[in-house]
Amino acid sequence: MKIRSLFRIEILPVLLLLIGILLVALSAFLFTLLDQVVHGDLYRHGLQFSYEWAERYWTYSKLLLGILGAVIAMNGAVATFLLFGVHPKKIYSPKLVCWLLTFLGGVALVLSINYNSLVLAFIGLGLVFWGAIILYIRPEAYVKENLLSTTALPPIENLSQIIKELGYEGKGIYLPPKYLPEFESSKVYISTQKGLQLPTPEQIQQQQEGLFLKEPSGILLTPLGAELTRLFERTLGRSFTIVNLQFIKLNMPKLFVEDLEIAQNFEMEAENSKVRVKIEGLVYKDIYKEAKRTPYIHTLDQPISSAIACALAKATGKPIVIEEERTSEDGKTIEIEYSLLEETRQ
Amino acid sequence: MAFPLGFWDISLWLAGTTIILLITSEMLSPYYGKVNIYINKKKLRNAALAVSILFLATVAIRIVNILLAP
């Protein structure tokens, strides 16, 4: 019973490790006594010094002492982890590998100076360097791709259904900054009637307090991609309100493919009042595939389409409508067509 | 008790390391479809460029040495 409780509180393993350390230290001490026998007693019994045997003897004895030292260090580290309750699972493994490589490299470098060894110096230099590199290029927080669709779809479905049941049947119009009191914010306007009924900036600004607009009748929502647009701006280091369509066209491919790594290919074409976007290998593809099966989701657009629409509205200063979204059968290619509305149309 | 590697040994080591880092940073490009490798590619590329600059610096020192040698 006592032994079980000792195991539970991890004192016994620590005790065994400490005994191990003591025994190894004793072995090192006994070896130094043996060394004294060689250097003292054997000379008195006729041993003749020669570099032929002395060099091998020195190498083996140094290696033996080095290995004993490493065993003591490792046992000491494990005993410390157990004593302070650091469980191996709690240690972030890439970080541990980095520090271990750096530590071993440092030891190899010190030994290379001690033994004047080129091989040890190269090993040490390599270990320290790669330890530092891995520490530097460690990954940022990543989540699995399928988590995106599983967490994002239910709110999109619910919101779409609420909007449909409230009778807002118009297309979502992404408003440019001049419509909004907060210049950097993004809003989408959906009217009660089908078609594109664009309110004036004054009408929007007069009724900013609520979601619902009375004149013209409609709803003013924060788009699903509004926060994503802010992320785009933060990543590019520039607000879309101070750039033009050309900047978006030039920088979006790099942003999607290299910076945020959310797509494998991104193409944007602008022609008159139309902007066409083609995205391949998008991480949100499951949402688009699901939207194809659930018709009412179309009323509120997808996060990526919405984010691009917000960016276009900010950059062009014109209201934007998503005209069409096409998803290939396998879901790998998504084509979105945007229209830049002229305010004279109202 | 001196560090066993000379200046030229380190230059050679830097050359090898530079090649490995530059090739790795290019092979991990998302253009090749490897978007699921969990490392920060930008930082890897920066490290590769930093090491290659160090190597080029050692080469420049060598050239200057040859030119200034009597």
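So the values come out like this:
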item: Residue list for the range B:1-19, restricted to those being facing chain A (nearest Cβ under 7 Å) and surrounded by 15 or more Cβ atoms within 10 Å (Cβ to Cβ); result: B:Pro4, B:Leu5, B:Trp13, B:Thr17
item: Qualifying residue in the range A:155-163 (condition: in contact (Cβ under 8 Å) with a residue 12 or more places away in the chain, of a type in the set (D, E, K, R) and away from every other protein chain (no Cβ under 12 Å)); result: yes
item: Test: A:Tyr168 is over 20 Å from A:Tyr338 (Cβ atoms) and either at pLDDT below 80 or among the hydroxyl-bearing types (Ser, Thr, Tyr) (or both); result: yes
item: Selection within the range A:308-328 - hydrophobic (A, V, I, L, M, F, W, C), touching a helix residue (DSSP H, G or I) at 6+ places or on another chain (Cβ under 7 Å) and under 13 Å from A:Pro176 (Cα atoms); result: A:Cys310, A:Ala311, A:Leu312, A:Ala315, A:Ile320
item: Conditions (1) farther than 29 Å from A:Val78 by Cα; (2) under 52 Å from the mean Cα position of the chain (by Cα): number failed by A:Trp53; result: (2)
item: B:Ser25 vs. criteria within 13 Å of another protein chain (Cβ to nearest Cβ), modelled with pLDDT under 85 and touching a helix residue (DSSP H, G or I) at 6+ places or on another chain (Cβ under 8 Å); result: yes
item: Search result, residues across the range A:115-140 that are in a helix (DSSP H, G or I) and either touching a Lys or Arg at 6+ places or on another chain (Cβ under 6 Å) or facing chain B (nearest Cβ under 7 Å) (or both); result: A:Leu118, A:Ala121, A:Phe122, A:Leu125, A:Phe129, A:Ile133, A:Tyr136
item: Residue within the range A:291-308 that is out of contact with any Pro (no Cβ under 8 Å at 6 or more places or on another chain), of a type in the set (Asp, Glu) and in contact (Cβ under 8 Å) with a residue 12 or more places away in the chain present; result: no
item: Helices (runs of 4 or more DSSP H) enclosed by the range A:240-346 - at least 1 residues per element that are assigned by TED's automatic domain parsing to the domain that holds A:Pro201, modelled with pLDDT of 85 or more and in contact with a Lys or Arg (Cβ under 9 Å, 6 or more places away or on another chain); result: A:245-254, A:303-316
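Conditions tested, residue by residue: (1) in the same structural domain as A:Val107 (by TED's automatic domain parsing); (2) closer than 25 Å to A:Ala108 by Cα; (3) at pLDDT 90 or above.
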{"site": "A:Leu16", "(1), (2), (3)": "no, no, no"}
{"site": "A:Ala28", "(1), (2), (3)": "no, yes, yes"}
{"site": "A:Asp41", "(1), (2), (3)": "no, no, no"}
{"site": "A:Gln48", "(1), (2), (3)": "no, no, no"}
{"site": "A:Glu55", "(1), (2), (3)": "no, yes, no"}
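The values are calculated or read from the model by the stated rules, or taken from the named source; none is laboratory data. Keep in mind the model is a prediction, meaning the values are calculated, not measured. Backbone-built Cβ (ideal geometry, glycine too); neighbour counts: all protein chains shown.
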